[in-house]
Amino acid sequence: MRNSTIRSILHDRFRAVAQSPGVDLATMLKYGLMAQRRQQVRDAVLAVLAVATLALLSSPLVLLPIFLAWLVVFAELYDAHESVILTRLTRHSFDPAEAPLPSSPALRDHLVDIADRGAGNVTVFADYSPFVGYGSRINNWSFTMNVAKARPGETVVPFAVGELYDRVAAEIAALGLPGLTVGDKLFVNGLDLRYETDPELQAAVLPDALLPPVPTVSERFIHQLRDNPRTRARPYLTVSVTGWEGEVVISIFLRFVLLAEKGMMFTEAGYSLLPPLREAYREVDRLVNCAPSERMARIALSALRRTAAALVLALPNTLAALSEPRRRRRQQKASIKAIRGHTFNYGAAYNPREHATDHLYHRYFQQLDKEMYVKAAEQRIMDAVADFLEEHNVDVSDLRERQTTILNNGIFVTGQAQVTGASMAAGTGAVARMESRIRQGVGQAAAAARPDLAGRRQV
């Protein structure tokens, strides 16, 4: 993941960067670069020892370079654990301002640029889903309604769609949920930037074809796009709730389209979830509670397990590191050729936070809080829309019925239905079965076979 992050974000100078709520990409990259340099030095030494091992393969002395290889792997792991993880990356010692800076001035400047992009309001995506960096889509709903239909005896008071956006944003912000952010964001496909958008959008997002898209556009420009739903760039009111110190992030994307000539309004909402990180990335929490002798033993054992693979891969890794500048130059030339050939995709295609996520909740309360965040925001959104339209004398009777359906998460209870706390059965002969996971993937047998899955629930 470290190498992919450095290659896809730091060294791909033409693509956009997709930030995730609660993640400091610049700090991640600083530590990643330091680890990469340390392991490149390790691989260079191991490459020499690998050649020596091959040369002494038929001699009893072959054990000497193998022992030295284990010693090199052990030294690198010891330095990583004792000098970096336990001194800089524990809960009590971590300080982003103390992250190591690369020696290259160009890299330092680029890291500052990446940090600035975290506060931007533009997401340029490369693939199907526009919400890169926000996790997997877990739900969505939409509806249309006639906003030209007045309540009996009243006349509809005209309104602009921007007024509705502002009202909903203010109502959600008043909820006071933990880690709540509410703001307008613009989403546009990286293939559409140069050739499938109007000149004003291209000038705002991609003023220079040989530079990455800008991370921020003016609020005035986003407000213009709210009123013009025909463009391929889509503004969304983006609501993110970052709970459990960034472990669980729920994001809601809202869009209102007012078709004034037909008196119709289209409303859509999409939900994305960033689940907790995988257990493999929690090693620091286990090491910090170990005695020094126990840590030393664990590092020695880990080095023993890694030595054979490290020796085999040392020479290829070293050659790859030496050829990396040439590879980047080739990549840059290929990107420029694609830009001039009208085939380059400026969108962000990789996000480390999404690749590091687990498919299991680590705590029952994480799942419960996720439901609470969704339901609280959902209720406030629907109330704000209905109240706003009522204030403009719109007949919202249909909307109130749809509100009940949406807030009940699509569960319809009709006829001879029976609902309990953990199941639902409807109709003659219907059978309710409890489902313990949101998405199919890990069964109860797998959870029972792996102790580390005990008490965790599929996302």
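Going residue by residue through the range 385-396, is there one that turns out to be in contact with an Asp or Glu (Cβ under 8 Å, 6 or more places away or on another chain), part of a loop (DSSP other than H, G, I, E, B), modelled with pLDDT of 90 or more and within 30 Å of L164 (Cα to Cα)? So far as the range 385-396 goes, yes, one or more of its residues are in contact with an Asp or Glu (Cβ under 8 Å, 6 or more places away or on another chain), part of a loop (DSSP other than H, G, I, E, B), modelled with pLDDT of 90 or more and within 30 Å of L164 (Cα to Cα). Residues of the range 251-301 that are closer than 30 Å to T155 by Cα, touching a Ser or Thr at 6+ places or on another chain (Cβ under 6 Å) and outside any strand (DSSP E or B): none at all. May I ask you to verify whether F159 is closer than 16 Å to R255 by Cβ, modelled with pLDDT of 85 or more and part of a loop (DSSP other than H, G, I, E, B)? Spelling it out, it is not the case that F159 is closer than 16 Å to R255 by Cβ, modelled with pLDDT of 85 or more and part of a loop (DSSP other than H, G, I, E, B).
Here is a check on your reading of the model: is Y346 surrounded by 12 or more Cβ atoms within 10 Å (Cβ to Cβ), touching a Ser or Thr at 6+ places or on another chain (Cβ under 7 Å) and not in a helix (DSSP H, G or I)? Spelling it out, it is not the case that Y346 is surrounded by 12 or more Cβ atoms within 10 Å (Cβ to Cβ), touching a Ser or Thr at 6+ places or on another chain (Cβ under 7 Å) and not in a helix (DSSP H, G or I). Given the residues L186, L193, L175, which is the only one that is within 18 Å of A269 (Cβ to Cβ) and touching a Pro at 6+ places or on another chain (Cβ under 7 Å)? Step by step, each of L186, L193, L175 is checked, and only L186 is within 18 Å of A269 (Cβ to Cβ) and touching a Pro at 6+ places or on another chain (Cβ under 7 Å).
T231 falls short on exactly one of the conditions (1) within 20 Å of A377 (Cβ to Cβ); (2) without any contact (Cβ under 8 Å) to a residue 60 or more places away in the chain, and that condition is (1). Quick check, is P96 within 25 Å of D358 (Cβ to Cβ), surrounded by fewer than 19 Cβ atoms within 10 Å (Cβ to Cβ) and modelled with pLDDT of 90 or more? It is true that P96 is within 25 Å of D358 (Cβ to Cβ), surrounded by fewer than 19 Cβ atoms within 10 Å (Cβ to Cβ) and modelled with pLDDT of 90 or more.
Looking across the range 297-326, just one residue is free of Cβ contacts under 8 Å to residues at least 24 places away in the same chain and closer than 30 Å to E245 by Cα, and that is R298. Restricting attention to the range 199-233, which residues are of a type in the set (D, E, K, R) and either surrounded by 13 or more Cβ atoms within 10 Å (Cβ to Cβ) or part of a helix (DSSP H, G or I) (or both)? The answer is E200, E219, R220, R226, D227, R232. Quickly run through the range 242-295 and pick out the residues that are free of Cβ contacts under 8 Å to residues at least 60 places away in the same chain, under 30 Å from D79 (Cα atoms) and among the hydrophobic types (A, V, I, L, M, F, W, C). If the condition is that a residue be free of Cβ contacts under 8 Å to residues at least 60 places away in the same chain, under 30 Å from D79 (Cα atoms) and among the hydrophobic types (A, V, I, L, M, F, W, C), then A280, C290, A291 are the ones that fit.
The values are calculated or read from the model by the stated rules, or taken from the named source; none is laboratory data. All values derive from a computational prediction rather than experimental measurement. Every residue, glycine as well, gets a Cβ built from its backbone with ideal geometry; the counts of neighbours run over all protein chains shown.
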